[in-house]
Amino acid sequence: MTNIYIYIDDSGVLTNNEEYFIYAGYCFIGDNEKNRANNHYKKIVKRIRRKHDYKGELKAARLSKKHKNSLFKVMQNFYSCSVVIKIDQMNQFVMQDKKAIQRYKDYALKKLVRKMIKNLLKNGIIYPEEQLNLMINIDQQTSAPKGLYNLSEGIKEELSYGIYNFNYDLVLPPLMNRKVTINTIYCISEKNYLIQAADILANRIRSSYVVKSPELLPKRKHIFVNLP
């Protein structure tokens, strides 16, 4: 069995008052890679705290550009992903309904996970015959509590069984030949370094769109999804 860990945070608010909403995060194949990333990130966090006497979590909103850049760079050798929602292109029927907004957020996360797994298959990192144990770690403020089960089941359906797209009368086949185990977990970001890393990444990607600075975007090992 292959363990795959995905850590995701968001940036922005999905409301007509904003221009972009972002989900972004990192993907690790196996415990060793996940632990190595955690240790690298933790080391930089401790260095910044010690030098500048910071207390608590190093959130992107309170850090200098230099420190955010250091925390971004330490994660560049790991797979990352993002979904960018351009809000002015959203269906306004969705934007006027809180439940519809949450369903759209779950849809965006499913699209992101599917494309990440598809990319890993394409590059021979994993294989369709493998049995996957997929652990999706989400910041506790990112998704509605009742939506976690539906999110897990929706991702499992896409990866293990395939789905039918009613809009295009199209069947999307499953990506994996064996059933995928999905665990969706809420994380307290203050206690989770890899969720903190996802916060830095999501903030950076959103900033790149808001200020029109594409040079801020990840250059390698990154999967982009754009919606709607």
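The values are calculated or read from the model by the stated rules, or taken from the named source; none is laboratory data. If you're wondering where the values come from, they're calculated on a predicted model, not measured in any experiment. Quick reminder, even Gly has a Cβ in these numbers, built from the backbone with ideal geometry, and neighbours come from all protein chains shown.
If you go through region 188-195 one residue at a time, do you hit one that is surrounded by 19 or more Cβ atoms within 10 Å (Cβ to Cβ), acidic (Asp, Glu) and either outside any loop (DSSP other than H, G, I, E, B) or touching a residue at least 60 places away in the same chain (Cβ under 8 Å) (or both)? No, region 188-195 contains no residue that is surrounded by 19 or more Cβ atoms within 10 Å (Cβ to Cβ), acidic (Asp, Glu) and either outside any loop (DSSP other than H, G, I, E, B) or touching a residue at least 60 places away in the same chain (Cβ under 8 Å) (or both). The condition (being over 18 Å from ILE125 (Cα atoms), assigned to a helix (DSSP H, G or I), of a type outside the set (Lys, Arg) and without any contact (Cβ under 8 Å) to a residue 12 or more places away in the chain) is satisfied by just one residue among ASN69, ASN17, ASN32: ASN69.
Residues in region 91-105 that are buried (at least 18 other Cβ atoms within 10 Å of the Cβ) and either under 14 Å from the mean Cα position of the chain (by Cα) or not in a helix (DSSP H, G or I) (or both): how many? Adding up the residues that qualify gives 1. For region 169-221, a residue qualifies if it is among the hydrophobic types (A, V, I, L, M, F, W, C) and touching a Phe, Trp or Tyr at 6+ places or on another chain (Cβ under 6 Å), and the qualifying residues are VAL171, LEU194, ILE195, ALA197, ALA198, ILE200.
Consider region 72-90 and keep the residues that are closer than 23 Å to VAL225 by Cβ and in a loop (DSSP other than H, G, I, E, B). The one that is farthest from the chain's Cα centre (by Cα) is MET90. Among the residues here, LYS122 qualifies as surrounded by fewer than 18 Cβ atoms within 10 Å (Cβ to Cβ) and over 14 Å from the mean Cα position of the chain (by Cα). Scanning region 106-131 for residues that are touching a residue at least 60 places away in the same chain (Cβ under 8 Å), under 16 Å from LEU172 (Cα atoms) and not in a helix (DSSP H, G or I) yields a count of 0. State which residue is nearest to GLY25 (Cα to Cα) when the search covers only region 43-66 and only residues that are touching a residue at least 60 places away in the same chain (Cβ under 8 Å) and assigned to a helix (DSSP H, G or I). Per the criteria, the residue is ALA60. Taken as a whole, the condition of being crowded, with 17+ Cβ neighbours inside 10 Å, modelled with pLDDT under 80 and not in a loop (DSSP other than H, G, I, E, B) applies to LEU148.
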